[in-house]
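FYI, it's all coordinate maths here, none of it is from the lab. These numbers come from a predicted model, not from an experiment. Neighbour counts run over all protein chains shown; Cβ positions are idealised from the backbone, glycine included.
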Amino acid sequence: MRAWIRPEIPALPGHSNPPRIFDTASQQLVEAAPDDVARLYVCGITPYDATHLGHANTYLTYDLLQRVWLDAGYRVHYAQNITDIDDPLLERAIATGVDWRELADEQIELFRQDMACLSILPPDDYVAVTEMITEIAEAVCILLDRGIAYRVPTPDAAGDDIYFDNRAAERAAPWRLGEESNLDSATMLQFFAERGGDPDREGKRDALDPLLWRASRDGEPFWPSRVGEGRPGWHIECSVIALKHLGLDFTVQGGGSDLVFPHHELSAGHAAALSGHPLARVYSHAGMIAYQGEKMSKSLGNLVKVSELRAAGVDPRVIRLALLGHHYRSDWEWTDADLAAATARLAAWQDPAALTPADASHALSAAGVLAELRDALADDLDAPTALAVVDNALSHGVDDPALAVAAVDALLGVRLRN
Ligand code: 5CA
Ligand code: ZN
């Protein structure tokens with residue numbers, strides 16, 4: 001799929017250190033330092049409603065990570081999927097009387113516009129599940145052949161549903177359930193049931209075994225394949241897309257923390273069972289943004305949409321600054337105060353007199369400001385500290401305003417002057 005336009009990044013003198021970021025599996029900060037090319041996979045949208053601030057925050061997190069990598073001198077290879085066939089999308093299409101393909105196309109286009117307005121770096125490979133059906137079905141065949149997948153008879157469907165055998169995968173692959181999420185089995189069961197899993201499905205070998213392939217039911221979209229007519233389960237899509245485009249053991253797998261379990265844990269399991277290697281070196285997760293007391297989510301409908309803020313005249317840089325005001329790993333609730341604070345901050349940063357010292361003898365070194373910005377971001381993407389560094393530079397003025405402006409543009413993605 002076509003992604004969106006790439007924002008320009010000004011060149012800066014010198015370079016950042018490789019970033020340290022928090023790894024969910026080991027529960028510690030680790031250096032995300034690739035040998036050469038930084039390979040990043042971030043789970044994309046399920047396109048049945050418009051981009052909200054929670055999505056924007058997650059994609060902004062990995063935009064920052066890429067800006068640090070680029071500034072540290074690495075090349076970046078970034079892949080993202082689109083879950084353009086799944087139950088919630090079909091349910092919304094039926095409820096609104098729209099063809100599911102039209103709904104997905106409309107929402108993908110809106111997402112592209114939102115991402116471009118927010119100056120989010122686009123993926124090199126932007127891949128819809130519906131473009132990968134054959135490869136996914138092949139992967140399911142391989143898992144069946146190796147005895148790591150099994151058929152569950154499905155009387156109301158044209159063929160069998162196919163499930164992943166977690167226990168068999170643990171025996172065959174460098175992977176263990178719980179290794180990434182660190183959750184106990186009761187919590188896994190709860191999250192599995194809440195987040196698209198079917199623990200009570202009759203005929204499964206284990207309650208936590210996930211669906212790999214869903215045989216077609218009456219009226220549901222399906223694709224012919226070597227494993228019968230049907231469509232892919234959720235986790236396998238990300239494993240197959242990531243393996244195809246990024247290869248083995250890539251640098252960082254990212255997404256919101258709602259995906260830690262079951263989605264990321266089981267995508268890693270599928271990939272390990274297919275390739276014999278771990279999926280990624282670092283498993284990174286962004287916090288959840290809430291609104292009106294609950295996690296902002298399309299299914300609940302408590303959304304603040306990027307497109308609606310834009311239509312109301314909010315400068316996308318304000319949205320960026322509002323999100324950057326919170327550390328990416330924290331869970332927080334959006335309020336109008338975030339918007340007000342970010343609006344005031346952008347106005348202050350854009351003031352033509354800002355950064356120019358009233359008294360040259362008190363000016364800060366712009367090179368020093370750049371170094372502080374780099375240190376903050378390389379330290380687990382500490383954007384709130386980075387914003388404070390710029391605020392401080394403004395209150396004193398700097399000896400080279402053009403360098404400070406370029407640093408804010410390149411590292412924080414906020415262009416202050418044209
Ligand atoms: N298509 C799947 C991933 S394969 C999916 O989760 N789609 S989504 O549209 O529901 O979410 C897209 C991304 O936004 C995911 O990385 C998810 O973790 C993140 N996300 C969703 N809601 C929030 C929220 N309230 N706060 C922060 N991030 C969120
Ligand atoms: Zn995913």
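Region 245-296 and region 22-89 have Cα centres lying 9 Å from one another. For region 124-201 and region 355-418, what is the separation of their Cα centres, given in Å? Cα centres, region 124-201 to region 355-418: 47 Å. Taking Cα atoms only, the orientation of helix 336-350 departs from the longest principal axis of the chain by about 50 degrees.
Summarising the amide proton neighbourhood of His52: residues at separation of 5 or more, or on other chains, whose placed amide H is nearer than 5 Å comprise Val306. Assuming a ≥ b ≥ c are the square roots of the Cα gyration tensor eigenvalues, decide whether region 313-412 counts as rounded (a/c under 1.5), prolate (otherwise, with a/b larger than b/c) or oblate. It is oblate, given that a/c is not under 1.5 and a/b is not larger than b/c. Compared with the dominant principal axis of the Cα atoms in the chain, helix 234-246 is inclined by about 60°.
Secondary-structure-derived ellipticity at 222 nm for the chain, considering helices only, amounts to -12500 deg cm²/dmol, per-run term -39500 (n - 2.57) for DSSP H runs with n ≥ 4. First check a/c for region 52-138, with a ≥ b ≥ c the square roots of the eigenvalues of its C-alpha gyration tensor; if it is under 1.5, answer rounded, and if not, answer prolate when a/b is larger than b/c or oblate otherwise. Oblate shape, in that a/c is at least 1.5 and b/c is the bigger or equal ratio. In the chain, the DSSP beta bridges split such that about 45 percent are antiparallel, to the nearest 5. Net charge in the neighbourhood of Leu411 (other residues with Cβ under 10 Å of its Cβ; Lys, Arg +1, Asp, Glu -1) is 0. When only Cα pairs below 8 angstrom with a gap of at least 6 residues are kept, the chain shows a relative contact order of 21 percent.
Here's the list of lysines a cross-link from Lys295 could span, going by alpha-carbon distance under 21 Å and ignoring same-chain residues fewer than 8 apart: Lys305.
What is region 20-291 by shape, rounded, prolate or oblate, if you read a ≥ b ≥ c off the alpha carbon gyration tensor as root eigenvalues and call it rounded for a/c under 1.5, prolate for a/b larger than b/c, and oblate otherwise? Oblate is the answer for region 20-291, as a/c is 1.5 or above yet b/c matches or exceeds a/b.
Largest GNM mean-square fluctuation across His285, His396, His77, computed for the chain with C-alpha springs under 10 Å, falls on His396. Taking other residues whose beta carbon is less than 12 angstrom from the beta carbon of Leu259, and scoring Lys, Arg as +1 and Asp, Glu as -1, yields -2. Given their separation in residues at 0.36 nm each and the Cα-Cα distance between them, Ala11 and Ala207 gain 65.4 nm when the chain is fully extended. Stretching the chain fully between His362 and Asp249 yields a gain of 35.8 nm (0.36 nm per residue, less the alpha carbon separation).
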